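Just below is one structure, and these are the notes that go with it.
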Amino acid sequence: MTFQITVQPSGRSFSTQPGEVILAAAIREGVGMPYGCKDGACGSCKCQKLSGDVVHGPHQAKALTPEEEAAGWVLTCCAAPKSDVVLMSRQVTEAGAHPIKKMPVRVSSLTRASDDVVVMRLQLPAADPFQYHAGQYVEFLLRDGDRRSYSMANAPHNQGTPAHMELHLRHMPGGKFTDHVFSTLKEKDILRIEGPYGSFFLREDSDLPMVFLASGTGFAPIKALLEHMQHQGISRPVTVYWGGRRPADLYLHDWMLAQAAAMPQLTYVPVVSDALAADAWTGRTGFVHHAVMADFPDLSGHQVYACGAPVVVESARADFTARCGLPADAFFADSFTSAADKAPA
């Protein structure tokens with residue numbers, strides 16, 4: 001059976017096909033709802049059910065606890081409706097949805113930014129423009145049907161001629177895709193992608209000051225947001241916190257210093273958690289989200305955009321809302337879940 005899904009407070013509605021989960025139907029119908037991994041691991045798509053019944057597929061308890069499910073919360077990425085459903089969810093109506101496409105891309109360059117990070121540039125088809133919002137991601141379509149997700153690190157206006165996208169990939173030893181990237185992938189090789197996906201992009205209907213929080217290669221979509229802000233002349237104050245274990249993990253540190261010099265409203269705070277004496281690190285140390293809390297004990301008048309390792313994003317969400325007064329709907333996140341993270345607990 002097909003069921004009607006209504007999302008409040010916007011009143012947007014769409015229908016699911018038999019057996020289809022709510023998020024897949026929303027994406028198909030162009031109704032923007034928050035989401036991240038699409039695999040029941042990150043919790044970004046969690047929203048409140050006002051009426052109706054759903055059945056959840058496999059998901060991790062950290063994304064939706066049994067207590068939350070009993071209280072009426074839903075993970076739209078793995079919830080199939082059993083009746084018409086009414087949800088309460090923040091909407092992505094202000095920016096609209098770009099069409100999702102599958103396309104071949106050619107590897108134009110692979111540049112080592114650190115021992116375990118590659119900056120990959122992909123040339124896009126000349127006859128098929130690719131539109132996206134700064135902060136969104138694409139999925140690589142692997143031959144065995146698996147997918148791997150990576151965020152665009154360049155803003156849409158910065159695709160260049162010929163058009164390209166920039167991605168930042170960290171090597172996950174034993175990883176099906178990154179082992180290939182770091183060992184056998186070559187320039188001019190052809191890959192297939194699908195996108196754009198994700199609800200992580202700048203909410204431009206607000207003038208609140210912002211905190212951008214990145215860990216590791218979670219910096220990629222933050223870089224795209226900064227490029228977008230500069231291109232659009234957005235003057236909202238923004239403080240960027242970028243955390244890594246060692247200074248080398250801040251693989252575009254010099255780019256960030258130059259960006260801070262070029263944008264008067266931008267403050268850059270690099271944070272290293274495990275600096276060694278040989279690193280000669282004189283900057284901030286510790287957990288990156290703790291640095292935010294030390295500088296902003298009151299986040300009630302801010303928006304936060306956080307990306308990177310799930311533990312960093314989840315800790316920031318919990319601590320900022322519970323201890324710093326950040327409204328839950330002012331926290332926007334892209335949790336970089338790996339294939340291991342997505343496996344049901």
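Conditions (1) farther than 11 Å from Q136 by Cα; (2) in the same structural domain as V312 (by TED's automatic domain parsing); (3) assigned to a strand (DSSP E or B); (4) aliphatic (A, V, I, L, M), marked per residue:
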{"site": "N154", "(1), (2), (3), (4)": "no, no, no, no"}
{"site": "G174", "(1), (2), (3), (4)": "yes, no, no, no"}
{"site": "F177", "(1), (2), (3), (4)": "yes, no, no, no"}
{"site": "L185", "(1), (2), (3), (4)": "yes, no, no, yes"}
{"site": "D205", "(1), (2), (3), (4)": "yes, no, no, no"}
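If only one of S235, S215 is polar (S, T, N, Q), assigned by TED's automatic domain parsing to the domain that holds G286, within 24 Å of G286 (Cα to Cα) and at pLDDT 95 or above, which one is it? Talk me through it step by step, then tell me what you get.
Numbers: S235 fails: within 24 Å of G286 (Cα to Cα).
Sole residue among the options that is polar (S, T, N, Q), assigned by TED's automatic domain parsing to the domain that holds G286, within 24 Å of G286 (Cα to Cα) and at pLDDT 95 or above: S215.
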Requested in this report: Specify which of the listed residues (L50, L87, L64) is of a type in the set (A, V, I, L, M, F, W, C) and within 20 Å of the chain's Cα centre (by Cα).
Outcome: L64
Requested in this report: Please state which of the following conditions E94 fails to meet, knowing it meets all the rest: (1) modelled with pLDDT of 95 or more; (2) not assigned by TED's automatic domain parsing to the domain that holds S51.
Outcome: (1)
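Does A275 count as in a loop (DSSP other than H, G, I, E, B), farther than 17 Å from H168 by Cα, assigned by TED's automatic domain parsing to the domain that holds G218 and among the aliphatic types (A, V, I, L, M)? Lay out the reasoning, then the answer.
On the way: in a loop (DSSP other than H, G, I, E, B): yes; farther than 17 Å from H168 by Cα: yes; assigned by TED's automatic domain parsing to the domain that holds G218: yes; among the aliphatic types (A, V, I, L, M): yes.
In short, yes.
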Requested in this report: Given the conditions (1) aromatic (F, W, Y); (2) surrounded by fewer than 23 Cβ atoms within 10 Å (Cβ to Cβ); (3) in contact with a Cys (Cβ under 9 Å, 6 or more places away or on another chain), report the number of the one that F287 does not fulfil.
Outcome: (3)
Query raised in the report: If you go through the stretch 278-326, how many residues are part of a loop (DSSP other than H, G, I, E, B), more than 24 Å from A220 (Cα to Cα) and either modelled with pLDDT under 95 or in the same structural domain as K46 (by TED's automatic domain parsing) (or both)?
Result: 2
**Report entry** Residue under evaluation D329, criteria (1) free of Cβ contacts under 8 Å to residues at least 60 places away in the same chain; (2) loosely packed, with under 14 Cβ neighbours inside 10 Å, criterion not met
**Finding:** (1)
Query raised in the report: Among the listed residues A25, A41, which satisfies the condition of being under 24 Å from F332 (Cα atoms) and either modelled with pLDDT of 95 or more or in a helix (DSSP H, G or I) (or both)?
Result: A25
Requested in this report: Would you point out the residue of the stretch 254-281, among those that are surrounded by 10 or more Cβ atoms within 10 Å (Cβ to Cβ) and among the charged types (D, E, K, R), that is nearest to G243 (Cα to Cα)?
Outcome: D274
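Identify, please: which residue in the stretch 66-83 is part of a loop (DSSP other than H, G, I, E, B) and in contact with a strand residue (DSSP E or B) (Cβ under 7 Å, 6 or more places away or on another chain) and is, among those, surrounded by the most Cβ atoms within 10 Å (Cβ to Cβ)? Reasoning before the result, please.
Our first condition is that a residue be part of a loop (DSSP other than H, G, I, E, B); within the stretch 66-83, this holds for 71-72, 76-78, 82-83.
Filter again for in contact with a strand residue (DSSP E or B) (Cβ under 7 Å, 6 or more places away or on another chain), leaving 72, 76, 78, 82-83.
Working: G72: 14, T76: 28, C78: 25, K82: 12, S83: 11.
Among those residues, the one meeting the criterion is T76.
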Report task. Look through A41, A63 and report the one residue that is crowded, with 22+ Cβ neighbours inside 10 Å and free of Cβ contacts under 8 Å to residues at least 24 places away in the same chain. Result -> A63
Query raised in the report: Quick one: is M229 without any contact (Cβ under 8 Å) to a residue 60 or more places away in the chain, more than 23 Å from V138 (Cα to Cα) and not polar (S, T, N, Q)?
Result: no
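The values are calculated or read from the model by the stated rules, or taken from the named source; none is laboratory data. None of these values were measured; they are calculated from a predicted model. Methodologically, a virtual Cβ is constructed for each residue, glycine included, from the backbone with ideal geometry; neighbour enumeration extends over all protein chains shown.
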